Structure formats: structure tokens, C-alpha cells
Amino acid sequence: MNTNRRDFIKKSALAAGMAGVGSLAQSCCNAAPTPAKNNVSLNLSFQDGTAPGTSLNEKLDYMEKLGIAGLEVGGGGLTKRVNELQQALKGRNIKMSAICAGFSGWLIAENEAQRKECMDSTKEILAAGGELGSTGMILVPGFNGQQPSLQMPQAREVLIEQLIELGDFAQKHNTSVMLEPLNREEAWYLRLVADAAAICRDVNNPGVTCLGDFWHMTWEETSDYGAFMSGGKYLRHVHMASRKRRSMPGEDGEADNYIDGFRALKELNYQYYVSFECGCQGKREESVPAAVALLREQWEKA
Ligand code: MG
């Protein structure tokens, strides 16, 4: 997509988002009193590459000083890292927030062997994530490059059957599968938080949940507030990034406004994590604490 078109889409989406926020807020107010929202805490989480530092322990020390509550790691090779991660988190005020993907194969593959590969590798990661006390493991049903894939409506039927099995498995391991909607550049199949939540509703299994990623939401959703509200009780994780370059929040200036999304999280009494999944343009020692301060300030305003 060229820059002009991207800017056009972004501006249109923002304008539509603002309009949507107004009408949604109004209809919520008409339906019921505004829920008390100011006692919900902002639980920030970092992926293992976010904080400055040369070792995991250095990064965790840094995170603790900043009051970061969660750590998110990749799912690739996680089984072999369980002991290392348990030792690193021992005695700290940081919990495992999420396991980010790491599976192979994909669940909407035409080829049954590739679907099975995804089921098997996902179960392995879920078991390790459960041992680490993770809220869940992030799963994408299919990326654009993963072809041939099943088409609708068969893709959804096959996905749901597999998610019921994965949900049971996740529950046994005290964790969950978290479906992640991506933007159109990465996935054709699942792009909206509402769609992910509707799949969770149909799966009807507490082991299957969803997440909202501000970066993908920037391109696909008409309203941050509406997107999170549509996730509702199925929303188990949030990804955070700046809104033009997927960098540290604040590095894209005024575009990095998360207040409407945060307001929804407060109204939902969201108890899980807001986890950084982003690059960094400047020096991490400066950009990371500035991003944390910005998000805390916006959370207060929400
Ligand atoms: Mg993400």
C-alpha cells in the first residue's frame, strides 16, 4: 500500500472511529448507568525484546523498576525454556502475561496434515505456557502466505471444531488460546476483534479467548472503544504499539492516542495485560520509560 493510500485509510478510519465512539457511548449511557471505571488498574507487560538490557535478568530488573507487571515471550522452543523462565521470574513481581505464537502449520489449511501440525505444536506450547502460569497463548488461524487455505464458510466450521479441542486442552493446563485478529497485510481471514469474539462465542469454551492489538486495530477497526467492547468477556489480552510505525507508544506523536480504547477496557473491568509488541526508533533507555509514562497518563484520563 502506498503512503498516500495508507494515510487516507488511516484518516478515514479515525474519522469513522470518532463518529462511532459518540454513538456507542450514547447508546451505552441510555441503556444503563455508566459503570464505575476508575478502580481498574493498568497492567503493563513487555515482550522480552522491549526493555533495554543484554540478558533476560537485566531486562526483568529494569521492568520491575518501571512497575511492569507482565512478561510475554515467543512460543518457539518454549518447552526447553520453562525452567530458565521459571527461575528468572522467581521472587519477582512480574508474571507470565502471554505466549506469543511459535506454532507451525495453520488451523484453516486445506491440507489436514498442516492442520494437525498446528494442533500438535499448539498443544505443546499451551502445556509449557500453563506451567509458566501464562494467561494464554496467541494463535492466528492463518496468515496470508499460508496457502492453500479453506474458504468460508468451511474455514470457520473447521476452525471451531479444532478450537473446541484446543480449548479443552488449554483448560486442563490452566491457560487459554487467544485468537488474534491481524490487519489485511498479514491475514485475510481474521481482522476484527468482533469476529474473533463471535468465534469464541460459538466455540463456547472458557479455554478459547481473543485479543485486540492497537496496531492492527488502527487499520481495521472503526473505533478502539467499539472494538474492545465487541471483544467483551472474551477479551483476554491487548497488544500495544505506536500507530504509524509500530514503534514505542509516543514515538508517532499525536497519533498515539489510546484513551478511547482504555475507556472501554475500564468499563469492561479488564483485569488482564496491555503488552508492548513494537519496535523502537530512539534509545530504549529514553523511549521505553517515556512510553510507560504516556500510557499511564492516558489511562488516568480515560
Ligand atoms: Mg499483536
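Listing for the model above:
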{"quantity": "Inter-residue pairs, beta-carbon under 8 Å, first within 25 Å of F46 (Cβ to Cβ) and in segment 189-215, second more than 12 Å from the ligand (Cβ to nearest atom) and open to solvent by 30 Å² or more (accessible area, probe 1.4 Å), 6+ apart", "calculated": "V193/S230; A196/Y234; T209/Y234; T209/R236; C210/Y234; C210/R236; L211/R236"}
{"quantity": "Filtered residue count, segment 209-249, keeping only those that are in contact with a His (Cβ under 9 Å, 6 or more places away or on another chain) and either more than 15 Å from the ligand (Cβ to nearest atom) or polar (S, T, N, Q) (or both)", "calculated": "1"}
{"quantity": "Test: residue in segment 255-278 that is over 15 Å from L44 (Cα atoms), within 16 Å of the ligand (Cβ to nearest atom) and among the polar types (S, T, N, Q)", "calculated": "no"}
{"quantity": "Check on A98, open to solvent by less than 10 Å² (accessible area, probe 1.4 Å) and either on the phi < 0 side of the Ramachandran plot or of a type in the set (A, V, I, L, M, F, W, C) (or both)", "calculated": "yes"}
{"quantity": "So G145, is it assigned by TED's automatic domain parsing to the domain that holds T209 and crowded, with 20+ Cβ neighbours inside 10 Å", "calculated": "no"}
{"quantity": "Residue tally, condition crowded, with 18+ Cβ neighbours inside 10 Å and among the hydroxyl-bearing types (S, T, Y), over segment 53-69", "calculated": "1"}
{"quantity": "Hits in segment 105-124 - residues which are touching a residue at least 40 places away in the same chain (Cβ under 8 Å) and either among the basic types (K, R) or open to solvent by 10 Å² or more (accessible area, probe 1.4 Å) (or both)", "calculated": "W106, E110, R115, M119, K123, E124"}
{"quantity": "Number of the condition not met by V292 [criteria: (1) within 24 Å of G74 (Cβ to Cβ); (2) open to solvent by 20 Å² or more (accessible area, probe 1.4 Å)]", "calculated": "(2)"}
{"quantity": "Candidates L78, L85 - the one that is closer than 25 Å to E186 by Cα and open to solvent by less than 20 Å² (accessible area, probe 1.4 Å)", "calculated": "L78"}
{"quantity": "Of all residues in segment 125-139 being assigned to a loop (DSSP other than H, G, I, E, B) and open to solvent by less than 10 Å² (accessible area, probe 1.4 Å), the one that is farthest from the ligand (Cβ to nearest atom)", "calculated": "S134"}
{"quantity": "Pairs where the first residue, in segment 275-302, is part of a loop (DSSP other than H, G, I, E, B) and the second is open to solvent by 30 Å² or more (accessible area, probe 1.4 Å), C-beta under 6 Å, 6+ apart", "calculated": "E277/Q47; C278/R246; Q281/E251; A302/I259; A302/R263"}
{"quantity": "Positions within segment 179-207 being among the basic types (K, R) and either farther than 21 Å from G167 by Cα or part of a loop (DSSP other than H, G, I, E, B) (or both), in sequence order", "calculated": "R184, R191"}
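To keep it simple, each residue is scored yes or no on (1) under 16 Å from the mean Cα position of the chain (by Cα); (2) assigned by TED's automatic domain parsing to the domain that holds L126; (3) surrounded by fewer than 19 Cβ atoms within 10 Å (Cβ to Cβ).
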{"residue": "Q162", "(1), (2), (3)": "no, yes, no"}
{"residue": "G167", "(1), (2), (3)": "no, yes, no"}
{"residue": "L179", "(1), (2), (3)": "yes, yes, no"}
{"residue": "N183", "(1), (2), (3)": "yes, yes, yes"}
{"residue": "A198", "(1), (2), (3)": "no, yes, yes"}
{"residue": "R201", "(1), (2), (3)": "no, yes, yes"}
{"residue": "C210", "(1), (2), (3)": "yes, yes, no"}
{"residue": "M217", "(1), (2), (3)": "yes, yes, no"}
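The values are calculated or read from the model by the stated rules, or taken from the named source; none is laboratory data. The structure displayed is predicted, hence computed values, not measured ones. Every residue, glycine among them, receives a Cβ derived from its backbone with ideal geometry; neighbour counts consider all protein chains shown. For accessibility, only protein heavy atoms count, side chains too; no ligands or nucleic acids. Shrake-Rupley method; radii C 1.70, N 1.55, O 1.52, S 1.80 Å.
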